[in-house]
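Asker: Pasting a structure below so you can have a look.
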Amino acid sequence: MSRYWSKVVQGLTPYVPGEQPKLANLVKLNTNECPYGPSRRVLEALRAEIGDTLRLYPDPASDRLRAAIAKHHGLVPEQVFVGNGSDEVLAHVFLGLLKHDRPVLFPDITYSFYPVYCGLYDIGFEPVPLNARFEIAVDDYLKPNGGVIFPNPNAPTGCLVPLAEIERLLRANQHSVVVIDEAYVDFGGESAVPLVARHPNLLVTHTLSKSRALAGLRVGYAVGHADLIEALTRVKDSFNSYPLDRFAQAGGTAAIEDDAYFRAMCGKVVATRSRLVADLQAVGFEVLPSAANFVFARVPGRDGAELAAKLRERSIIVRHFRKPQRIAEFLRITVGTDEQCAALADALREILRQPGQR
Ligand SMILES: *Cc1c(COP(=O)(O)O)cnc(C)c1O
């Protein structure tokens, strides 16, 4: 701890992202990236940005990108906010819409960046336990709060809350904002975006990192009532006027416009997921129902950390969460290509033939 650090920094518990190993030839199934490259139209748009105009600042409002997103969802640009990855969008959401006297509610097992933002911005929160089936039960959120946020499908479980349940929450919770983080919705969920028209307390966030294969470009967005978007814009313009560079704006716009490629890639991932689930079940895994581009699975009685370590010896990396104890047996496995998933299944078949350590 440096004596030059501010009190705020001394008290931070930063988020730890999944590892990005420098080694080649790894089967990398740990950070939910897309196993296929982005649309060719994205690559062309990026190439077209290379030139003298890079001396100029980008559009601070990302108007073209916001217009493309608005059109894609049948909204107007005033209902769209864009950021440097949805992580940045979420940071602004916590400060601009969720920091109130009452605590923010989110699941006890969920995206572990949420409590980190609460720490950064000094926001009180109350973790709400998942039910016995590892699902989010809307009834558990019907209590006084300063806001509600959860991913749908949830991470790292992959479980989905039906849209009718989300609408029930929106009706019962009109005094604060409900944020639905749809980072994984394109892999089998039903988006809450159509509910934006009738619910001024709804904010929905999306990312181009997963279903649009652009984790390296850093583009995310939020849609909601124009008043909610204005709060986010006020935070952004008090922090960084140009969070999206010229490449992110051009490439992001091309990605949103290439709907056919997007649908095809999501379809491939969903098809591979079915095969992966069957392969995992065949070697003794219990797999939670997943609507995402990953599965959350365990072999009852086997330590997840031990399985992850044995996979790593075979150059396959998956994600394991040590805490809470309730999920210590689970592995979160990204849906890769068919070949990558087959390699994983072969390795697990071999590992599970040997007795486990407890
Ligand atoms: C990956 C992820 C994000 C962040 O996505 P970026 O746009 O890459 O910052 C947000 N929420 C959840 C639940 C995620 O899994």
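The values are calculated or read from the model by the stated rules, or taken from the named source; none is laboratory data. Note that the structure is a prediction, hence the values are computed from the model and not measured. Don't worry about glycine lacking a Cβ; one is built from the backbone with ideal geometry, like all the others, and counts go over all protein chains shown.
Asker: Against the definition (within 13 Å of the ligand (Cβ to nearest atom) and free of Cβ contacts under 8 Å to residues at least 60 places away in the same chain), how does I166 come out, yes or no?
Answerer: It is false that I166 is within 13 Å of the ligand (Cβ to nearest atom) and free of Cβ contacts under 8 Å to residues at least 60 places away in the same chain.
Asker: For the range 9-36, give me the residue count where each residue is touching a Leu at 6+ places or on another chain (Cβ under 8 Å) and either farther than 23 Å from L311 by Cβ or among the polar types (S, T, N, Q) (or both).
Answerer: 1
Asker: Give me the residue from the range 20-45 that is among the aliphatic types (A, V, I, L, M) and surrounded by fewer than 17 Cβ atoms within 10 Å (Cβ to Cβ) and, out of that set, nearest to Y111 (Cα to Cα). Before the answer, list the steps.
Answerer: Residues of the range 20-45 that are among the aliphatic types (A, V, I, L, M), as a first pass: 23-24, 26-27, 29, 42-43, 45.
Checking the rest, the ones that are also surrounded by fewer than 17 Cβ atoms within 10 Å (Cβ to Cβ) come to 23-24, 26, 43.
Numbers: L23: 27, A24: 28, L26: 25, L43: 30 Å.
Top of the filtered list is L26.
Asker: Restricting attention to the range 244-253, does a residue exist that is assigned by TED's automatic domain parsing to the domain that holds A91, over 30 Å from I351 (Cβ atoms) and free of Cβ contacts under 8 Å to residues at least 40 places away in the same chain?
Answerer: Within the range 244-253 (the criterion being assigned by TED's automatic domain parsing to the domain that holds A91, over 30 Å from I351 (Cβ atoms) and free of Cβ contacts under 8 Å to residues at least 40 places away in the same chain), the answer is no, since none of the residues qualifies.
Asker: Is there any pair with a first residue in the range 189-215 that is buried (at least 20 other Cβ atoms within 10 Å of the Cβ) and a second that is in a loop (DSSP other than H, G, I, E, B) and among the β-branched types (V, I, T) whose Cβ atoms are under 7 Å apart and which are 6 or more apart or on different chains, and what are they?
Answerer: Correct list of pairs: N201/V177; L203/V177; L208/V219.
Asker: Of everything in the range 216-227 that's surrounded by fewer than 23 Cβ atoms within 10 Å (Cβ to Cβ) and not acidic (D, E), which residue is nearest to the ligand (Cβ to nearest atom)?
Answerer: R218
Asker: Also, I was wondering about something else. Can you pull out the residues in the range 191-215 that are in a strand (DSSP E or B) and within 14 Å of the ligand (Cβ to nearest atom)?
Answerer: If the condition is that a residue be in a strand (DSSP E or B) and within 14 Å of the ligand (Cβ to nearest atom), then L203, V204, T205, H206, T207 are the ones that fit.
Asker: Taking the condition within 16 Å of the ligand (Cβ to nearest atom), part of a loop (DSSP other than H, G, I, E, B) and surrounded by fewer than 12 Cβ atoms within 10 Å (Cβ to Cβ), does P17 pass?
Answerer: Numbers: within 16 Å of the ligand (Cβ to nearest atom): yes; part of a loop (DSSP other than H, G, I, E, B): yes; surrounded by fewer than 12 Cβ atoms within 10 Å (Cβ to Cβ): yes.
Yes; evaluated as a whole, the condition is true for this residue.
Asker: Something else: Are any residues in the range 316-336 part of a loop (DSSP other than H, G, I, E, B), surrounded by fewer than 15 Cβ atoms within 10 Å (Cβ to Cβ) and not aliphatic (A, V, I, L, M), and if so, which ones?
Answerer: R322, K323, P324
Asker: Would you be able to say whether some residue in the range 150-171 is assigned to a strand (DSSP E or B) and either among the small types (G, A, S) or within 18 Å of the chain's Cα centre (by Cα) (or both)?
Answerer: Checked against the condition, which is being assigned to a strand (DSSP E or B) and either among the small types (G, A, S) or within 18 Å of the chain's Cα centre (by Cα) (or both), the range 150-171 yields at least one hit.
To keep it simple, each residue is scored yes or no on (1) outside the structural domain of R64 (by TED's automatic domain parsing); (2) within 16 Å of the ligand (Cβ to nearest atom); (3) assigned to a helix (DSSP H, G or I).
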| position | (1), (2), (3) |
| --- | --- |
| A231 | no, no, yes |
| R234 | no, no, yes |
| C266 | yes, yes, yes |
| V270 | yes, no, yes |
| A297 | yes, no, no |
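Asker: I need the full set of residues from the range 243-272 which are surrounded by fewer than 16 Cβ atoms within 10 Å (Cβ to Cβ) and either of a type in the set (F, W, Y) or at pLDDT below 95 (or both), in order please.
Answerer: Scanning the range 243-272 gives no hits.
Asker: Let me ask you something else. Any idea how many residues of the range 172-190 are within 14 Å of the ligand (Cβ to nearest atom) and either under 19 Å from Y261 (Cα atoms) or not in a strand (DSSP E or B) (or both)?
Answerer: 7
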